[in-house]
Amino acid sequence: MDINAKVLAAFQAEHKEQIEAIRSIVERGIDAGEGGFNEALRLAHTMKAGARVCGLDGVQELAHRLETLFTQIRDRKVALDGAAVAAINSALDVIEDSMASVGTGNRPADPASALRAIDRALNAGAVDAPRRGLREGARQRVLAAFQCEQQEHLAGIRAILAKAAQGDGSLSALDLDETLRLAHTLKGGARISGLPSVEMLSHHLESVFARIKSGSLQLDPGVIEVVTLALNAIEDWMASLAENQTPAEPVRALAALGRLLGLADDGDAACAPVIEAARNAPSSAAGAQQFDTVRLSAEHLDRLLRSSGQIVTESLRQDQVSRALADLSFNVDEMDREWEAVREASAAHLHRLSATPEFTRVLHYLEFVERQTRVISKQTRQIRALQQRSSRSVRVLGQELQENVRKARMIPAESVFGVFRKMVRDMARDENKNVEFRISGLDVQADRMVLQALKDPVMHILRNSISHGMERPDERKRLGKAECGCVTLRMEAVGNRLTIQVEDDGRGLDLSRIAEMAVRKGLLSQADADTHSPEELSGLIFQPGFSTAKTITDLSGRGMGLSVVYEAVSRLQGEVRVAQKSGPGSCMIISVPLSISTHRLLLVSSHGQTFAIPSSGIQRLIRVKLKDVETVEGKPIIVWEGQATPLASLTQLLGLSGEAGFTVEGEVLSVMILKVGKRRLAVAVDAFVAEREAMIKNLDTLVSNISILAGGIVLEDGSVSLVLNTGELIDSFKPIYAPPTSRGGETTVEKKVSTVLVVDDSFTARTLEKSILEVHGYNVVVAIDGVEGLSKLRSEEIDLVISDIQMPRMDGLALLQEMKQDERFARLPIILVTSMNHIDDQERGLALGADAYLVKQRFDHQTLLDTIKQLL
């Protein structure tokens with residue numbers, strides 16, 4: 001990964017912390033006080049600076065405008081009312097959406113609406129804002145309820161229409177009554193929510209279903225088309241409202257319903273009353289805030305899940321306490337038994353000594369020690385029993401809490417993927433293509449974070465289906481296909497996994513084009529391209545930057561490819577593949593765990609470290625005798641279940657050893673058979689340690705983008721075990737041409753690696769410098785200011801210091817002065833790196849003894865590396 005990407009990755013992590021902190025301050029409201037809004041002001045300012053460094057203009061402008069708003073709120077020039085809170089949340093949402101789109105090929109969120117909301121809050125002042133905030137707050141709750149309700153009602157009507165379309169067009173009385181009820185409930189909810197357009201559409205739908213029931217109207221394909229048009233219009237209206245956009249009036253749908261019901265010859269006349277009502281209706285901007293409320297609640301739920309995971313981890317750690325208490329109890333009892341033996345053997349001598357005055361005190365002390373030993377032994381046993389009971393209770397309660405939180409996080413797929421209907425229609429319209437979009441399985445329940453993480457990847461696949469795969473109507477007609485193409489999204493829960501299938505009846509994958517591009521990009525040789533199977537060729541579309549688009553459009557051709565899908569699914573410990581289908585078109589299948597709250601993991605040791613492997617990617621654990629390892633063309637393999645399976649060591653896959661092959665203790669290998677899809681690999685480890693049910697935590701930004709690492713878990717002793725991605729492990733395998741050997745007694749001399757201390761209060765700057773140095777083989781220790789830097793100097797062996805100048809508590813010049821006054825660090829090289837290009841600072845730093853001075857505006861990583869090489 002290049003340095004720019006790592007700096008961006010650092011800001012990706014930093015902005016999340018800043019947004020979470022700002023939301024926390026806003027939640028406290030006026031109770032946050034002047035100090036709280038000073039902190040919000042600082043966070044917005046830091047976010048603005050980070051966005052500027054990363055070249056994110058929209059995020060920078062929003063952060064700048066938030067900075068202004070927090071200043072006005074702190075100075076009591078603007079009230080923190082409903083409008084201000086809505087504006088802040090809207091801006092934070094857009095920032096989050098914009099950052100989520102970075103690196104995915106998606107268009108960044110448009111900040112215009114959020115900027116207008118902040119301007120309205122700034123201009124409103126403090127007079128009438130509280131009254132308006134209360135009014136919007138109440139309406140927000142009503143709209144939140146209606147957003148969920150209308151999705152269910154629309155899905156119910158669609159299901160009944162689908163039943164009619166598949167049959168002879170007739171519906172049972174029960175189905176007709178249900179459509180009437182759903183349309184009537186929609187109308188009532190829209191009226192209460194103040195949405196006249198949705199209310200009018202629902203009212204007309206109710207009239208249509210009433211006429212069908214009475215027999216005056218037949219449910220033929222034309223009527224189904226009009227009803228579907230109205231349902232789409234309601235869905236589009238509510239989706240625009242949720243995105244804080246001004247919905248377009250459903251003129252076409254109202255006109256079609258009006259003609260169907262014979263209300264007016266002129267379709268526009270039927271629309272006039274509702275359009276006028278919409279103009280006079282209250283602003284619908286508050287409707288988008290329902291997602292803020294739900295999302296904030298979800299964040300609290302995520303924190304609760306993390307806390308429950310920590311409770312479970314802590315309960316496991318109590319097992320160590322139990323063992324320590326057991327050892328203590330045994331030692332005290334052993335001491336008591338030893339004293340009993342000594343006393344019995346020395347009874348006569350002690351009796352004689354008791355008559356000697358100078359030994360009386362000693363004998364009293366020995367009796368005291370005996371009594372105290374017995375008391376301590378009894379207390380230790382009691383404490384041990386109490387601790388064991390408490391530990392068991394905490395473990396059971398922690399597991400119960402974790403399971404309850406896990407269930408609470410499960411939401412229907414409809415809540416995330418329901419908006420895809422409108423999105424697909426919009427994309428098809430932009431591409432001038434006729435597309436029927438079918439979606440099923442929206443009632444499947446899955447972890448909210450899983451569904452949110454899959455939203456962009458699935459959207460990306462749908463874009464590809466429409467842009468790459470789907471032909472235009474005239475082309476489909478020439479090919480003998482229906483002019484309207486079909487894209488299907490299916491979701492299904494099988495066991496503890498969620499399967500998502502995206503299928504279309506378009507062109508399908510052009511394997512010859514894929515092979516051509518793979519050869520051109522150097523991914524394959526021409527010989528390999530000619531011999532690769534369709535499955536192997538289709539798998540290449542998930543390579544970074546791979547795209548077969550010949551032209552650039554808003555939807556495709558920008559080189560993003562489907563690697564973003566592969567990376568997102570891999571982070572969820574899932575897999576994505578292209579399935580072969582008999583008919584035209586393509587089919588992609590994603591399989592991920594239903595929940596990421598906890599995973600069943602196998603702990604293994606390799607090269608003196610403990611790693612965790614998700615059990616879902618392990619097919620079998622076996623032990624293989626060294627003599628049973630075979631070689632084919634010089635590559636080690638094992639024969640398992642009648643198939644030759646390549647063999648590698650975990651040390652080799654992770655690059656923990658520079659050896660070409662791998663060595664083992666003894667004559668038996670501990671081997672995991674990893675399997676993802678049809679790919680399989682045997683991986684040897686030093687030992688199988690244990691199985692563990694644990695929550696995988698995200699890693700620090702510096703390593704979070706290493707695809708082979710899926711996260712980390714906290715072990716009982718407080719250490720962190722890295723969780724490995726099984727799919728990436730298999731992909732990283734490169735055959736070695738040497739069989740494994742039993743470990744010998746030879747030793748190797750390691751080259752000393754220099755350790756550099758980086759002192760900077762900016763997380764992004766620390767990440768940039770740390771990334772550069774680690775890539776070039778240096779050990780790096782970081783500190784956030786001079787005080788922590790001095791502490792690190794005193795506790796670790798440092799060879800060189802790189803320090804910023806402007807920092808809280810102790811700046812870089814003060815740190816330099818402290819170092820030069822301490823004999824231990826006086827000769828240590830130090831480089832000052834700062835954003836202030838002041839000659840006075842340079843002269844002062846060099847006068848104090850700095851060895852080099854670099855300015856961030858002209859920062860060049862090669863200059864830094866050359867400077868370090870000269871000083872070391």
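The values are calculated or read from the model by the stated rules, or taken from the named source; none is laboratory data. These figures come from a predicted structure and were not determined experimentally. As a convention, Cβ positions derive from the backbone with ideal geometry for all residues, glycine included, and neighbour counts pool all protein chains shown. With ligands, DNA and RNA removed, areas are computed over all heavy atoms of the protein, side chains included. Shrake-Rupley method; radii C 1.70, N 1.55, O 1.52, S 1.80 Å.
Here E358 and F330 are evaluated by their C-beta separation; at R0 = 41 Å the FRET efficiency comes out at 0.70. Residues D177, D97, D804 ordered from highest to lowest accessible area at a 1.4 Å probe: D97, D177, D804. For K16 and S393, the difference between the fully extended length at 0.36 nm per residue and the C-alpha to C-alpha distance is 132.2 nm. Could you derive backbone 3J(HN,Hα) for the stretch 334-347 from the dihedral phi with the Karplus parameters 6.51, -1.76 and 1.60 (θ = phi - 60°), listing whole Hz in sequence and x where the residue is Gly or Pro? Here the 3J(HN,Hα) series is 5, 5, 5, 5, 5, 5, 4, 5, 5, 5, 5, 5, 10, 4 Hz. The coefficient of translational diffusion for the stretch 590-641, derived via Stokes-Einstein from the alpha carbon Kirkwood radius under 4 °C and 1.567 mPa s, stands at 91 µm²/s. For A852, the residues whose modelled amide H falls within less than 5 Å of its own, excluding neighbours fewer than 5 places apart on the same chain, are I830, L832.
Amide H contacts of G506 (H built 1.01 Å from N, in plane; Pro and chain starts excluded): G585, S586 sit under 5 Å, all sequence-distant by 5 or more or on other chains. Each residue of the stretch 393-452 gets 62 Å³ once the volume of the Cα convex hull is shared out per residue. Label-to-label distance for M423 and L511 is 3.1 nm, based on points extended 7 Å past Cα in the beta-carbon direction. The orientation-averaged projected area of the convex hull spanned by the Cα atoms of the stretch 50-110 comes to 4.3 nm².
Ranked by the mean number of other Cβ atoms within 10 Å of their residues, highest first, the peptides 821-833, 107-119 come out as 107-119, 821-833.
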